[in-house]
Amino acid sequence: DYKVTGVQTCALPIYIAGPAARSIARDSSATPAEIHGAIALFLAAAKADPDGMRTLPPQPIEIAQMLAERGALEDIPDLVFAGFFAVERGFSPNQANDVFGGSAAGLREQRDQMNFWGYNALSEAYIRLGRLASVKDLLIQQDDILNRLRPADSAPAGDKFRFAEDEALFWYLKGLFAEAERRKTDALIDYRNSISTYPPRRPSPDRRRGG
């Protein structure tokens, strides 16, 4: 389970609270108090209607990623844990069935991918908030997931491209962690690996634009 804390909340349906939270996460002029208020309302709505946010990735993880990229960190842990709850609810092995075509292996791969995105946001938040004791285990779990998701040599180019984006961000987070621990040589190596792993740029910006 996950917590909803910090402000007085009122009932909002998830179809209103979700877009509102995404909008404020994108709004560069939003204050920390405004962000926290919108996220608290969203988490309350998600908890009240857990089946109303079946998106890929789950909305809490998507919003956590947005906040990590803009450096708004305080609400990321609660969002990520809400996202993990949604992933487990929607993609657990007992959801496999012949009617909708969800195999156990396919659900496991989807679960790994979405959990990896959640770990990305959570690791970055903990690093930048100075909660370094929690980061090492997260990076180990991310590394294990990447090894499971690594595409075969014969995989389509699109699969390899998407994996390279994930792997590059993982190296970036390792560099950020090493830098926070004052391991400068390790940080330089990790950042170099991140840059060299990135596939060609998309039309939209990515994390190479700056930390």
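The values are calculated or read from the model by the stated rules, or taken from the named source; none is laboratory data. As the structure is a computational prediction, the values presented were derived from the model and not from experiment. Neighbour counts run over all protein chains shown; Cβ positions are idealised from the backbone, glycine included. What goes into the accessible areas is simple: the full protein's heavy atoms, side chains included, and nothing from ligands, DNA or RNA. Shrake-Rupley method; radii C 1.70, N 1.55, O 1.52, S 1.80 Å.
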Using a simple spin-label model with points 7 Å from Cα along the Cα→Cβ vector, what separation in nm is obtained for Ser103 and Tyr15? 3.5
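Run the numbers for Thr185 and Arg150: contour at 0.36 nm per residue of separation, minus the present Cα-Cα distance, in nm. Walk me through the numbers before you get to the answer.
Details: separation 35, 0.36 × 35 = 12.60 nm, distance 2.67 nm.
Gain on extension, Thr185 to Arg150, equals 9.9 nm.
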Per-pair calculated FRET efficiency, R0 = 30 Å: Asp137 and Asp51 via Cβ, rounded to 0.05: 0.50
Pull out the extension gain between Glu74 and Ala164, defined as 0.36 nm times the separation in residues minus the alpha carbon to alpha carbon distance; nm, one decimal. 29.6 nm
Please provide three numbers in whole Å: the alpha-carbon extents of segment 147-204 along the principal axes, with the largest listed first. 39, 28, 13
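If packing is taken as the average number of other Cβ atoms within 10 Å across a peptide's residues, how do 73-80, 188-195, 57-64 rank, most packed first? The partial results should precede the final answer.
Values: 73-80: 22.9, 188-195: 16.2, 57-64: 26.6.
So the peptides 73-80, 188-195, 57-64, ranked by packing, come out 57-64, 73-80, 188-195.
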Add +1 for every Lys or Arg and -1 for every Asp or Glu among the other residues with Cβ under 12 Å from the Cβ of Leu129, and state the total. -1
Using eta = 1.002 mPa s and T = 20 °C, Stokes-Einstein with Kirkwood Rh from Cα pairs puts D for segment 59-182, in µm² s⁻¹, at 140
Computing the accessible area with a 1.4 Å probe over protein heavy atoms, can you report the carbon and sulfur percentage for segment 43-185? 50
For 19-25, 144-150, 120-126, 170-176, ranked highest to lowest by mean beta-carbon neighbours within 10 Å, the order is 120-126, 170-176, 19-25, 144-150
